[in-house]
Every structure is written in C-alpha cells, then in structure tokens.
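This report refers to the structure that appears directly beneath it.
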Amino acid sequence: MDRSDIDSCLRLFDKHGGHFLRKTPLWKLSGADLGVDCAEVWLKLEHLQVGGSFKARGMLSRLLANPIPAAGVVIASGGNAGIATAAAARALGVRCEVFVPTSSPEAKRARLRDLGAEVVVTGAAYAQAFEACRARQQATGALLTHAYDQPEVLAGAGTLAAEIEAQGGVPDSVLVSVGGGGLIGGIAAWFEQRSRVVALEPERASTLHSARQAGEPVDVAVGGIAADSLGAQRIGQLGWQVTQRHVQDALLLSDEAILAAQRWLWKELRLAVEPGAALGLAALQTGAYRPRADEKVALILCGGNVDPATLA
C-alpha cells in the first residue's frame, strides 16, 4: 500500500464517485482556540461525510473496484463501516447485509435499516460478528467487504489525506484514531514521512500498541467508551505493515479523557462527534501529545454517528 494505490483510487472516484462522496471541510483554528500551545489546529470534519464517517471512502472504493454478484455485498461492522457500505450499496442499487455485534449502538442499527440494509445482530464483539459474516459470504457468494483490512479500503481512506493536502497543504503532524488500522494505514501511506502521523488508541482497545509490544498483531480485549467504532480485536495486517514503515508514535488515552474531549467539541464548537473521533483533541488537551509551538496539527474528526442527547 502506497501513494500510487491512493492515486488510482482518486481517479476511480473522479470517474464514478463524484455523485456520492462529499468533500468535507478543513477548519483551521489557532492552537489558542483549543487551549493548545501550537500554531494551528486543523479539524478535518469527516464526520460530515456520507454515512457520518470516513468509512464511506473505503467502502465505495471496495465496491467500485470489484464486480458485485447478485447476492450483493456483506460486511461485519461495529456500525460505521456497515453504514457506509449500506449507503454505497443503495447508491449503486445492490443488496447489502450487515452483521453487527451486540455492543453496537441501537442508533447505528436504526441508521442501517433506514439505508435499506438487512441487519444481523450477533456476537459480543466485532470478531464474532465477522466470523458469522464470513460464513454467510461463503454460503451466498456475496462480495465480502472488510471494515478495515482490504487494499481498496485503505486506499479509499487515504483519499482523506490527499484531500487535506489539497485543501491546506501538508500539516506538521496528523493525529489519527486507530481501531483496525484502515484509517491510519491510508493516511500514513499518503503522507509517508512528509508529516508526523501519530496513532491514538483508547487504553481499553489498544490493537496497535499491543501489537508493538508483542512484535506482531495480537488479539486484545476490547471495551470502553469508544468500542463501537474502535473495537477491532486485532490490528489489520495491512494497517500493521504501513504503520511499521511510517508511524513512530502509538499513544494511549483514558476513557475519561476521550469523553471530556468529545463533550468539549460539542460545548465549545458545536461539533457532534462520536467518542472515537475525539481522541486527537484528547491527546492535545491531556498532553499525551505535545506539539511544538510552531506546529500545525491536523485532527481527523472521523465519525459523527452519535446520539446528541448523550452530549449534554
């Protein structure tokens, strides 16, 4: 996975995806606006993307790059990847079936049904839902779309980084939430060493951090406030490979810090994002990541599928 794969995806989107994807805003603020000692903080408002998350890019990439059988597409997801796949499938006029774990929020299940997807709730965590999904794919012949560990999915996520560069240039650093590694894999593959890409994970769902301690991807226990969107049990092989080449820092954040940042974004900026999208601000506000005074830091607000009532 490298920039050439993302360039190919950009051309595919230019040809077929312009009616579906949104170019999401890049909001540049001074560090002082967020209480951070750095020159600028760039907020990439990807929670405004189709389906409410960055996942729309990777899922559309997967569907456009492959023939879709009569059985349609099938995916296992904590919510956002399923929503994105369902939205892309509806746009392309194909059938979609989504397997979600019991930990997935009802709001996301309802959104899936609104998009016309058939929803199957099974398993306590993503890994169990994925096994049921894979069995279904083998029985029906549907196109299996993985939430984070397919080349087309990483390339689609990488178009987000290309869009940031087109809108504002290359930031000094990019702070990225990590679940299965699809988002950070795509972003790191685009920026390579031109920007410092920093991996951020909840303490209770640390796939990349644990893999680095073990020297290889390993299963981890998953829980906590961001488990529905960052609840992969193991870092994806593709994300692991890219981060080994291009990502030096893998930082952990507490649920309390994530929740405080999520509420701050709503209270101060009226940005309704899910917990998994608040890790970048949490890293800055807690000092887990300390930028230079002259640094331009990009934060990816990667998902907004949240019940606003929970933000009060």
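Under the definition of Cα pairs under 8 Å and six or more residues apart, what whole-number percent is the relative contact order of segment 55-144? Don't skip to the end; give the middle numbers.
Working: 165 pairs, mean separation 29.9, N = 90.
About 33 percent, as a whole number.
Show the residues, 5+ positions off or on another chain, whose built amide H is closer than 5 Å to the amide H of Glu274.
Gly303, Gly304, Asn305
Once you've got the GNM for the chain with C-alpha springs shorter than 10 Å, pick whichever of Ala124, Ala282, Ala84 has the biggest mean-square fluctuation.
Per the Cα network of the chain with a 10 Å cutoff, Ala124 tops the list.
Kindly express, to the nearest 10 degrees and within the range 0 to 90, the angle between helix 55-64's C-alpha long axis and the longest C-alpha principal axis of the chain.
Computed tilt is about 40 degrees.
Just to be sure I understand the curve: with the Debye formula and one point per C-alpha of segment 55-144, what is log10 I(q)/I(0) at q = 0.19, 0.25 Å⁻¹?
-0.75, -1.29
Rounded to the nearest 5, what % of the DSSP beta bridges within the chain are antiparallel ones?
For the chain, the DSSP antiparallel bridge percentage is about 15.
Find the relative contact order for the chain and round it to a whole percent, using C-alpha pairs within less than 8 Å whose residues are 6+ positions apart. Mind dumping the intermediate values first?
On the way: 727 pairs, mean separation 65.4, N = 312.
21 percent.
Each residue of segment 210-216 in turn: what ³J(HN,Hα) in whole Hz from Karplus with 6.51, -1.76, 1.60 and θ = phi - 60°, glycine and Pro shown as x?
Per-residue couplings from phi come out as 5, 5, 5, 5, 8, x, 6 Hz.
Roughly how many Å is it from the Cα centre of segment 206-247 to that of segment 42-89, as a whole number?
21 Å
How would you classify segment 229-306 from its alpha-carbon gyration tensor, with a ≥ b ≥ c the square roots of the eigenvalues: rounded for a/c under 1.5, else prolate if a/b is greater than b/c, otherwise oblate? Could the numbers behind the result be given before it?
Values: a/c = 1.98, a/b = 1.27, b/c = 1.56.
Oblate is the answer for segment 229-306, as a/c is 1.5 or above yet b/c matches or exceeds a/b.
Rank Ala86, Ala272, Ala155 by mean-square fluctuation in a GNM of the chain with C-alpha springs under 10 angstrom and give only the top-ranked residue.
Greatest mean-square fluctuation among the candidates belongs to Ala272.
For segment 259-270, what does the Karplus curve 6.51 cos²θ - 1.76 cosθ + 1.60, with θ = phi - 60°, yield as ³J(HN,Hα) per residue in whole Hz, taken in order and with x for Gly and Pro?
Rounded to whole hertz, the list is 5, 4, 5, 4, 5, 5, 4, 6, 5, 8, 10, 6.
Can you put Tyr126, Tyr289, Tyr148 in order of Cβ neighbours within 10 angstrom, beginning with the fewest? Working shown, then result.
Values: Tyr126 30, Tyr289 22, Tyr148 26.
Least crowded to most crowded, the residues run Tyr289, Tyr148, Tyr126.
Please report the net charge: other residues with Cβ closer than 11 Å to the Cβ of Ala88, K and R +1, D and E -1. Could the numbers behind the result be given before it?
Values: positive: Lys55, Arg57, Arg62, Arg90; negative: none.
Net local charge, Ala88 excluded: +4.
Given the convex hull of the Cα atoms of segment 165-215, what is a quarter of its surface area in nm²? The partial results should precede the final answer.
Details: hull surface 15.8 nm².
For segment 165-215, the mean projected area of the Cα convex hull comes to 4.0 nm².
Quick one: pull the percentage of alpha-carbon pairs in the chain with a separation above 28 Å.
Cα-Cα pairs of the chain separated by over 28 Å account for 31 percent.
Full extension from Thr102 to Arg90: what is 0.36 nm times the residue separation minus their Cα-Cα distance, to one decimal in nm? Kindly include the intermediate steps, with their values, before the conclusion.
Working: separation 12, 0.36 × 12 = 4.32 nm, distance 2.43 nm.
1.9 nm is the gain from fully extending Thr102 to Arg90.
Counting other C-beta atoms within 10 Å, which of Ser30, Ser104, Ser254, Ser61 has the fewest, and how do the rest follow?
On the way: Ser30 11, Ser104 25, Ser254 16, Ser61 32.
Least to most surrounded, the residues fall as Ser30, Ser254, Ser104, Ser61.
Report, in degrees rounded to the nearest 10, the 0 to 90 angle that the Cα long axis of helix 80-92 makes with the longest principal axis of the chain.
50 degrees
Taking a cut-off of 18 Å between Cα atoms, list the aspartates and glutamates near Lys296, but don't count ones fewer than 8 places away on the same chain.
Answer for Lys296, where 18 Å is the Cα cut-off: Asp33, Asp37, Glu40, Glu163, Glu165, Asp172, Glu192, Asp249, listed by chain and number.
Using Cα atoms only, what is the angle between the long axis of helix 126-140 and the major principal axis of the chain, expressed in degrees (0 to 90) to the nearest 10?
Approximately 30 degrees, to the nearest 10.
Report relative contact order for segment 145-265 in percent, whole number only (criteria: Cα-Cα under 8 Å, sequence separation at least 6).
28 percent
Which percent, nearest 5, of DSSP beta bridges in segment 1-110 are antiparallel?
55 percent
Mind checking which of Pro25, Pro69, Pro291 has the largest fluctuation in a GNM of the chain, springs on alpha carbons under 10 Å?
Of Pro25, Pro69, Pro291, the Gaussian network model singles out Pro69 as fluctuating most.
Where a number appears in this text, it was derived from the coordinates with a stated rule and is not lab data. Nothing here was measured: the structure is a model prediction, and the numbers come from that model. Here Cβ is always computed from backbone atoms with ideal geometry, including for glycine, and neighbour counts include all displayed protein chains.
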